[in-house]
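The values are calculated or read from the model by the stated rules, or taken from the named source; none is laboratory data. Note that the structure is a prediction, hence the values are computed from the model and not measured. Quick reminder, even Gly has a Cβ in these numbers, built from the backbone with ideal geometry, and neighbours come from all protein chains shown. Just so you know, the surface numbers come from the protein's heavy atoms only, side chains and all, with ligands and any DNA or RNA stripped out. Shrake-Rupley method; radii C 1.70, N 1.55, O 1.52, S 1.80 Å.
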Amino acid sequence: MALQGSMTFAAFTFFLLLTTLPHEPHASSRGSFGRNINPPVSGLCSSSVIVHGYECQEHEVTTNDGYILSVQRIPQGRGGKGSGSRTSKQPVIIQHGVLVDGVTWLLNSPEQDLPLILADNGFDVWIANSRGTRFSRRHISLDPSSPAFWNWSWDELVSYDLPAVFNYVFSQTEQKINYVGHSLGTLIALASFSEGTLVNQLNSAALLSPIAYLSHMNTALGVIAAKSFVGEVTTLFGLAEFNPKGLPVDAFLKSLCVYPGIDCYDLMTALTGKNCCLNSSTVDLFLMNEPQSTSTKNMVHLAQTVRRGVLTKFNYVRPDYNIMHYGEIFPPIYNLSNIPHDLPLFISYGGRDALSDARDVENLLDKLKFHDEDKLSVQFIEEYAHADYVMGFNAKDLVYNAVVSFFNHQVNT
């Protein structure tokens, strides 16, 4: 079945695992080092923040396994709004999902974009960009053209990327950190919290469209795609980089549309659920900027999460490979019950989300059933689907204001 209009297969891939959405360790995953650099002409600051009258700084952070990540800092609101002592302002790290980058938080007007709303409300905002995305395609020794550059899954985002960014922000601000994640940004956060790697630096976390569990993902296209990402996919493609704009990936995605019951004419609805509140101009701007590359191994790991219904480290399938990496036949489980019960959490999910299905979120909440009652805030929005949380024109009124209030409450308690 052919696609019509501007919703290309590149767009499809974004909505598939934003939507649904290793190489060997180098030393400890806790440290990081970085430096402030002049904003590049084509950087996120100049293209999406400074143009709206906000101060924005380009930073780079190097992970302990050598990836150089781009991070943007918005230290205050427009025209100095929300200013005051920078040493006392609460920092917020904002983490995007898979196959996109930090630009996705900045596609509406300034009054509707979460990073700018937080800055205007007195927070010190840091926008993260995961390894492999356009501003984070650098390494101290590896080139993106090398398969070794792409030998990682979301386990490495848990072990390296998040700790590096947290350590850097903490070193710059000397303040405990608030966190916002969407989609994959919630998965890697929950996995990190369960292992206790960030909680000493964390003040609170807001998780939007959480995808810790994906057993009830109810989009036929997403399910077929997940079943197609078998362990041999890397050999099949001959690819380490999963580039949605590349011809091999395009051919793979087209092949999915021949399955019965798969509607590739309305991809956004087919993959994310019926989003209620997206402006067509915002979607057009999104398509100009996304999707971004990730590793094929990361896609396989996400597909494992869908197929197996449990949250584990990457499964190498072969017992000897798992033993080599983990010392046991099966990959270790991320036990979300280990998340500290007194960690302030805000969770928001939608009734029309085909990826973060309400039943899967309820499974997550069951894992948190012993959480301190006054430390867990849960919001359900019946009409919201997956993309509404990042690009919805009314997300400020329905979600972002609640996030601001939640963060402010933690500061005052």
When you scan segment 334-342, do you find a residue that is farther than 24 Å from Asn298 by Cβ, open to solvent by less than 20 Å² (accessible area, probe 1.4 Å) and not acidic (Asp, Glu), even just one? no
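How many residues, within segment 279-331, are open to solvent by less than 50 Å² (accessible area, probe 1.4 Å) and within 26 Å of Gly132 (Cα to Cα)?
Of all residues in segment 279-331, those open to solvent by less than 50 Å² (accessible area, probe 1.4 Å) come to 282-283, 286-287, 289-306, 309, 311-316, 322, 331.
Checking the rest, the ones that are also within 26 Å of Gly132 (Cα to Cα) come to 282-283, 286-287, 289-306, 311-316, 322, 331.
Qualifying residue count, segment 279-331: 30.
With the condition kept exactly as written, say whether any residue in segment 133-145 is out of contact with any strand residue (DSSP E or B) (no Cβ under 6 Å at 6 or more places or on another chain), in a helix (DSSP H, G or I) and either open to solvent by 10 Å² or more (accessible area, probe 1.4 Å) or more than 18 Å from Asn178 (Cβ to Cβ) (or both).
Yes - at least one qualifying residue is present in segment 133-145.
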Cβ-Cβ below 7 Å, separation at least six or inter-chain, first residue in segment 136-149 and closer than 14 Å to Asn64 by Cα, second open to solvent by less than 80 Å² (accessible area, probe 1.4 Å) and polar (S, T, N, Q): which pairs? Ile140/Thr62
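Out of all the residues in segment 91-98, is one or more polar (S, T, N, Q) and closer than 27 Å to Lys176 by Cβ?
Yes - at least one qualifying residue is present in segment 91-98.
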Every listed condition ((1) under 16 Å from Leu69 (Cβ atoms); (2) out of contact with any strand residue (DSSP E or B) (no Cβ under 8 Å at 6 or more places or on another chain)) holds for Ser109 save (1)
Filter result for Thr173 (under 21 Å from Gln76 (Cβ atoms) and of a type in the set (Ser, Thr, Tyr)): yes
Of these, Asn178, Asn200, which one is at negative phi and either touching a His at 6+ places or on another chain (Cβ under 8 Å) or open to solvent by 10 Å² or more (accessible area, probe 1.4 Å) (or both)? Asn200
